[in-house]
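The values are calculated or read from the model by the stated rules, or taken from the named source; none is laboratory data. Since this is a predicted model, take the numbers as computed values, not measurements. Note: ideal-geometry Cβ built from the backbone for every residue, glycine included; neighbour counts use all protein chains shown.
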Amino acid sequence: MIQSLWIHNIALIEELRIDFGKGLCALTGETGAGKSIVVDAVNLILGGRADRDLIRNGTDRASVEAVFSVNGNTAVQQWLTDQAMEETDEITVFREIQRSGRNVCRVQGVMIPLASLRELSGFLMDVHGQHEHRFLMDPVYHMQFLDASGDAAHQALQEATRKACEAFLDCHRRYTHLVRENEKKQYRMEELKKGLEELRKARLVAGEEEKLQKEQEKLRHSGRIIHAVNVAHSILSSGDEEALIPRLKTAVDALYGIADLDAGYSALHARLESAYFELEEAGFELASLLENGAFDPMRQEKVDTRLEMIRRLEKKYGGDIPSILKTRESMQEEYDRFSSLDTRMEETQKEHRQLLLAYRSAAHALSESRKALAVRFEKQMMRELTDLGMGKTVFTVAFEEMPKRQLPQPDGEDRVSFMISANPGEPVKPLSRIASGGELSRLMLALKSLEAARGGVESMVFDEIDTGISGRMAQVVAEKMAKIAKTHQVLCVTHLPQIAAMADHALMVEKHEKDGRTQTMVHSLDAESRVLEVARMLAGADGEDESARAHARHMLESARAYRESQASCD
């Protein structure tokens, strides 16, 4: 149950706190006073659409805070547990919207996502707005109304059908994909086969390209290298007497003969001997380079051809050699998948048939449950409509099976539509063709009454559900709402004096001008103020008409007596 609502910078409301009580609470006021703003604020705190136009002009943000009593609300307590919050008898819900588009949602001071707030709101309040009559006009929503009247067993059938549908659709998507794959199988396998053969023959090795590039760079300068090696080799050890190594050997031998005469001669001999050995080793390496043909001109052509082939493959398949090798692995995996496609198709087709049969079995059980439920639902609706002055109306639930060629749907194979005959002797027809505004209002109230009888959400909001209702029917609707309010908190925005008189609590919405700006205010009415407000609603004036006030007092007294009589029947 909502206990209080604090509104800040919403539309024409700068700062406002509203306190609510148990039972039926009527919000009244002149057209345009701002009653819908209060409902917008309630919708906002319940996770509704955050229209930036709701933010009061001249401000950058707006907020709503509500305090709910949740003592005994097991769904809310479980939600708090799931959110790692402490269970409590009272929770505070806060929401702020900003012109930048940012939303801030908090429960018990803890920030939560908007989706979580919407989940919580489903356990707190049910709001029926001014435009929700269209749901009754649209058969798409009729099955939802019917299913909502089902028990736990019916809900279990709904869940089983939904899961069976999801399983089938998942398999159907996989099977459809396999069928598309099979259509291109032959062409694609031939394409993959050619590519794999090409890459097999290429015998690519990771790191090969870098080595070949270095060798290619080296081969490009082979002429200079050969010339330099020849010159160096001829200088060091060409074989004639002028070569450096033989002459250095002569010097080493000469010093060897005097090395034992002085330490300095010995050290000099050692240095020249070391230099001789180094140059001799270098000469061997130069000779090896010349003898082994390291600079074969044919090698350059081979390297150039190999690199050209590698670069062509890189351009064709994208990336470097490691990328091409990964592509080859992927191609091989794809080829293997195509090779096993027939087997997989056969297995998936079998699973497809089995899951379709399982879905149809679940959907059939759900359909049978719906048809049994519809019989009870029709009787319940007829009782409610009789209470609402529509005793001669015939209300039925019509079933139509979904075409078999259509893919399975999560809600089963039924199509449900509500049919009525408002006049005796007339055939039943769809609501959208014959129901008037007043009849739709009473039909919606009948549905909400059934929902309340099943328990449902503790707080219900009706925003001008009395559209199209007047005269004697207004009193009937007021009494029906009073009955709902015996077990539920009901907030009702109304223009009917009968509902205003029947309310346990009365709130009046007014507009005032302050500091050159229009502001919406909400006042709790005392006994005398309620007389004036009901008189205003009766006379269409300021409530000062004496006959209207007398009538208003009579209505309030009659309403009090009605509520007391209902209480004594409990």
(message) Given the options LEU366, LEU373, LEU356, LEU385, name the one that is modelled with pLDDT under 90 and not in a loop (DSSP other than H, G, I, E, B).
(response) LEU385
(request) Return the residue satisfying two criteria in turn: it lies in region 89-104 and is assigned to a strand (DSSP E or B) and of a type in the set (Asp, Glu), and of such residues it is surrounded by the fewest Cβ atoms within 10 Å (Cβ to Cβ). (result) GLU90
(message) From the list VAL127, VAL107, exactly one residue is buried (at least 18 other Cβ atoms within 10 Å of the Cβ), of a type outside the set (D, E, K, R), under 27 Å from VAL38 (Cβ atoms) and without any contact (Cβ under 8 Å) to a residue 40 or more places away in the chain. Which is it?
(response) VAL107
(message) Just to verify a result, which residue in region 19-37, among those that are within 18 Å of THR518 (Cα to Cα) and touching an Asp or Glu at 6+ places or on another chain (Cβ under 9 Å), is surrounded by the fewest Cβ atoms within 10 Å (Cβ to Cβ)?
(response) GLU30
(message) Can you confirm whether GLU183 is within 30 Å of GLN354 (Cα to Cα), without any contact (Cβ under 8 Å) to a residue 40 or more places away in the chain and not small (Gly, Ala, Ser)?
(response) yes
(message) Pull out all pairs, ordered by first then second residue, where Cβ-Cβ is under 6 Å, the residues are six or more apart or on different chains, the first lies in region 387-402 and is closer than 22 Å to SER441 by Cβ, and the second is part of a loop (DSSP other than H, G, I, E, B) and not basic (Lys, Arg).
(response) LYS392/PRO424; THR393/ALA422; VAL394/VAL428; THR396/VAL428
(request) Looking only at region 151-174, decide whether some residue is more than 27 Å from GLN354 (Cβ to Cβ), surrounded by 12 or more Cβ atoms within 10 Å (Cβ to Cβ) and either in contact with a Leu (Cβ under 8 Å, 6 or more places away or on another chain) or not aromatic (Phe, Trp, Tyr) (or both). (result) no
(request) Take THR348 and decide whether it is surrounded by fewer than 16 Cβ atoms within 10 Å (Cβ to Cβ), among the hydroxyl-bearing types (Ser, Thr, Tyr) and in a helix (DSSP H, G or I). (result) no
(message) Looking only at region 286-310, filter to residues that are charged (D, E, K, R) and surrounded by 12 or more Cβ atoms within 10 Å (Cβ to Cβ); which one of those is modelled with the lowest pLDDT?
(response) ASP296
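For region 485-502, which positions are outside any helix (DSSP H, G or I), over 23 Å from ALA11 (Cβ atoms) and in contact with a helix residue (DSSP H, G or I) (Cβ under 8 Å, 6 or more places away or on another chain)?
LYS486, THR487, HIS488, VAL490, LEU496, listed by residue number.
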(message) Quick check on my filter: what residues within region 5-14 are within 12 Å of ALA41 (Cα to Cα), part of a strand (DSSP E or B) and either modelled with pLDDT under 90 or not aromatic (Phe, Trp, Tyr) (or both)?
(response) LEU5, ILE7, HIS8, ASN9, ILE10, ILE13
(message) Restricting to region 201-221, count the residues that are of a type in the set (Lys, Arg), in a helix (DSSP H, G or I) and within 17 Å of PRO322 (Cβ to Cβ).
(response) 1
(request) Mind listing whichever residues of region 418-466 are loosely packed, with under 15 Cβ neighbours inside 10 Å and among the hydroxyl-bearing types (Ser, Thr, Tyr)? (result) SER432, SER436
(request) Kindly indicate whether LEU136 is farther than 18 Å from SER367 by Cβ and not acidic (Asp, Glu). (result) yes
(request) Would you point out which residue out of ARG370, ARG360 is under 21 Å from TYR175 (Cβ atoms), of a type outside the set (S, T, N, Q) and surrounded by 17 or more Cβ atoms within 10 Å (Cβ to Cβ)? (result) ARG360
(message) Regarding region 160-171, can at least one residue be identified that is modelled with pLDDT of 90 or more and under 18 Å from LEU341 (Cβ atoms)?
(response) yes
(message) As an exercise: evaluate LYS249 against (1) in a helix (DSSP H, G or I); (2) closer than 30 Å to MET298 by Cβ; (3) touching a residue at least 12 places away in the same chain (Cβ under 8 Å) and give the number of the one condition it does not meet.
(response) (2)
(request) Report whether or not LEU272 is part of a helix (DSSP H, G or I), at pLDDT 85 or above and either touching an Asp or Glu at 6+ places or on another chain (Cβ under 7 Å) or not polar (S, T, N, Q) (or both). (result) yes
(request) Report yes if some residue within region 3-18 is over 25 Å from GLU513 (Cα atoms), in contact with a strand residue (DSSP E or B) (Cβ under 7 Å, 6 or more places away or on another chain) and hydrophobic (A, V, I, L, M, F, W, C); otherwise report no. (result) no
(message) Would you confirm, using the coordinates I've provided, whether SER421 is of a type in the set (Ser, Thr, Tyr) and modelled with pLDDT of 85 or more?
(response) yes
(message) farther than 13 Å from THR28 by Cα and either at pLDDT below 85 or assigned to a strand (DSSP E or B) (or both): is that true of GLU544 in this structure?
(response) yes
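Among ASP126, ASP147, which is touching an Asp or Glu at 6+ places or on another chain (Cβ under 9 Å), under 30 Å from GLU368 (Cα atoms) and assigned to a strand (DSSP E or B)?
Being touching an Asp or Glu at 6+ places or on another chain (Cβ under 9 Å), under 30 Å from GLU368 (Cα atoms) and assigned to a strand (DSSP E or B) holds for just one of ASP126, ASP147, which is ASP126.
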(message) List the residue pairs whose Cβ atoms are under 7 Å apart, where the first residue sits in region 262-284 and is farther than 13 Å from ALA251 by Cβ, the second is surrounded by 11 or more Cβ atoms within 10 Å (Cβ to Cβ) and of a type in the set (Gly, Ala, Ser), and the two are 6 or more positions apart or on different chains.
(response) SER266/ALA259; GLY283/SER237
